């Protein structure tokens, strides 16, 4: 079975930093990325069995006329499912990501938040948290 990391992120610069960080986790990870919540919600269930880590941003900017939703929308979708992987809430929106973390934990998910104000914090905040969570999962 593949080991997959699911990511909700609309910033190309932050996504590049996340993908770079994931390369240091090892060669076995496949990355699935969505830039809008409705599409992630529609497609993610088929990837959940192979997911080893899920990383969600809160705020998404519209790239077209379509409303991108928020990470909260995806969190609500996940909270109705059986926990399958730890979740990192990576955002500069502290209050919103705290709410998401607490709701996921209430639904039985292992959820942590990292505050990312700048893309370089992916290597100093997100990556150590990802390593910790994957290690706890035996990966």
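Throughout, read-outs are computed from the coordinates displayed, never taken from laboratory work. None of these values were measured; they are calculated from a predicted model. For neighbour counting, all protein chains shown are included, and Cβ atoms are generated from backbone atoms with ideal geometry for every residue, glycine included.
Sorting check: for 50-57, 39-46, which peptide has the highest mean count of neighbouring beta carbons within 10 Å, and how do the rest follow? Write down the numbers at each step before the final one.
Numbers: 50-57: 23.8, 39-46: 14.9.
The densest-packed peptide leads the list: 50-57, 39-46.
If you take every DSSP beta bridge whose two residues both sit in the range 3-136, what share of them, in percent to the nearest 5, is antiparallel?
About 0 percent, rounded to the nearest 5.
Put a dot 7 Å past each Cα toward the Cβ at residue 80 and residue 120; how far apart are the dots in nm?
4.2
Assuming a viscosity of 1.306 mPa s and a temperature of 10 °C, what translational diffusion coefficient in µm² per second does Stokes-Einstein assign to the range 59-137, Rh being the Kirkwood radius over Cα pairs?
D = 119 µm²/s.
Taking Rh as the Kirkwood radius, which is the inverse of the mean 1/r over Cα pairs, what is the Rg/Rh value for the range 3-136?
Numbers: Rg = 13.3 Å, Rh = 14.5 Å.
That ratio equals 0.92.
Relative contact order for the range 3-136 using alpha-carbon pairs under 8 Å, separation at least 6, rounded to a whole percent? All intermediate terms of the calculation are to be shown ahead of the outcome.
Details: 225 pairs, mean separation 33.2, N = 134.
In percent, rounded to a whole number, it is 25.
What nm value, rounded to one decimal, do you get for the distance between residue 11 and residue 48 when each label is placed 7 Å out toward the C-beta?
Label-label distance for residue 11 and residue 48, simple model: 2.9 nm.
Could you check the simple spin-label distance between residue 19 and residue 95, using points 7 Å along Cα→Cβ, in nm with one decimal?
About 3.4 nm separates the two model spin labels.
Quick check on the chain: helices-only [θ] at 222 nm, where DSSP H runs of length 4 and up contribute -39,500 (n - 2.57) each and the sum goes over total residues. Nearest 500, please. Before the final figure, lay out the partial values.
Details: 5 runs with 51 residues, N = 139.
Mean residue ellipticity, 222 nm, calculated: -11000 deg cm²/dmol.
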